[in-house]
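Below is one structure, written out as structure tokens, with a few remarks after it.
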Amino acid sequence: MAPDRKGILAVVMPAYNEAGTIRDVALRVLQQPEVGELIVIDDASGDATAEFVRLLAGTEPRVKVLMHSKNQGKGAALRTGIAAANLPFLIIQDADLEYDPDEYPAMLAPLFEGKADVVYGSRFLGGRPHRVLYFWHSVGNFFLTLLSNMFTNLNLTDMETGFKAFRREVIQKIDIQENRFGFEPEITAKLARLNARFYEIGISYSGRTYAEGKKIGWKDGVSAIRCILKYNLFCR
């Protein structure tokens with residue numbers, strides 16, 4: 001890695017009841033030489049999530065902990081964290097290990113090379129390993145990505161991915177309104193309208209079951225359809 005790439009990445013990590021995984025994922029994130037700040041947004045967890053992160057922040061100056069007094073959702077947590085970022089590049093990292101921090105160099109390469117404004121990590125590109133889970137989730141993801149592409153005129157393969165990287169000044173231009181998982185179609189529509197340069201990178205994926213803490217459900221899929229229509233047709 002080129003010396004001038006060290007410490008120029010802000011990692012934004014929304015967290016809600018992730019005490020079982022957040023310490024491990026945060027340590028993995030901090031091992032990446034690109035990372036200059038880790039911004040954790042605790043969305044009013046009812047477990048020890050915040051305590052684990054505060055302990056880490058006490059020994060690691062790159063860690064910043066932001067707190068929501070009541071649970072608002074992933075989109076709201078990302079809105080808080082993105083606004084607090086200060087470094088040239090930004091990546092979203094869930095507070096589990098579904099997405100692997102070791103793949104940051106691949107995600108960031110198009111940004112570092114000046115080719116892209118936003119990079120989506122696609123679970124459906126390339127030959128990277130992924131855990132086999134829910135058939136209907138994959139069908140829903142394909143449908144939502146297709147519907148989004150029809151309106152944005154993009155050819156994404158995985159609009160709903162939670163692994164996204166940005167030039168900071170580009171994502172901070174977006175007025176994020178959605179509080180839950182509608183964040184994904186909302187920012188895709190708004191970035192497309194800005195004529196942002198999109199890239200996709202094939203990534204590995206170690207998905208969780210609902211028993212292991214997965215939170216997205218069918219109601220979020222219905223909400224995603226609403227968001228695709230709203231932000232492509234009515235909110236310009």
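The numbers here are math on the coordinates, done by the rules we state, and not lab data. Quantities reported herein were computed from a predicted structural model and do not represent experimental measurements. With ideal geometry, Cβ positions are generated from the backbone for all residues, glycine too; neighbour counts draw on all protein chains shown.
Amide H contacts for Lys6 (H built 1.01 Å from N in the peptide plane; partners 5 or more residues away or on another chain; cut-off under 5 Å): none found. If you take every DSSP beta bridge fully contained in the chain, what fraction is antiparallel? Give it as a percent rounded to 5. Antiparallel bridges make up about 20 percent of those DSSP assigns within the chain.
So for the chain, if I pair up every lysine 8 or more residues apart or on another chain, how many of those pairs have alpha-carbons under 15 Å apart? Intermediate results must be reported in sequence, preceding the final value.
Details: Lys74/Lys164; Lys74/Lys214; Lys74/Lys215; Lys74/Lys219; Lys164/Lys190; Lys173/Lys190; Lys190/Lys230.
Lysine pairs meeting the criterion: 7.
The GNM of the chain, with springs linking C-alpha atoms under 10 angstrom apart, assigns the highest mean-square fluctuation among Arg167, Arg123, Arg226 to Arg226. Amide H contacts for Phe89 (H built 1.01 Å from N in the peptide plane; partners 5 or more residues away or on another chain; cut-off under 5 Å): Ala10, Arg168.
Per residue of the chain, what 222 nm ellipticity follows from adding -39500 (n - 2.57) for every DSSP H run with n ≥ 4, rounded to the nearest 500?
Numbers: 8 runs with 85 residues, N = 236.
Per the formula, -11000 deg cm²/dmol.
Residues whose amide H comes within less than 5 Å of that of Tyr205, counting only those at least five positions distant or on another chain, are His130, Arg131 (H built at 1.01 Å from N in the peptide plane).
Loop only by DSSP, 11 or fewer other Cβ within 10 Å of the Cβ. Give me the trypsin sites (Lys or Arg not before Pro) in region 66-104 that pass, ordered by residue number.
On the way: sites: Lys70, Lys74, Arg79; in loops: Lys70.
Loop-located and lightly packed - Lys70.
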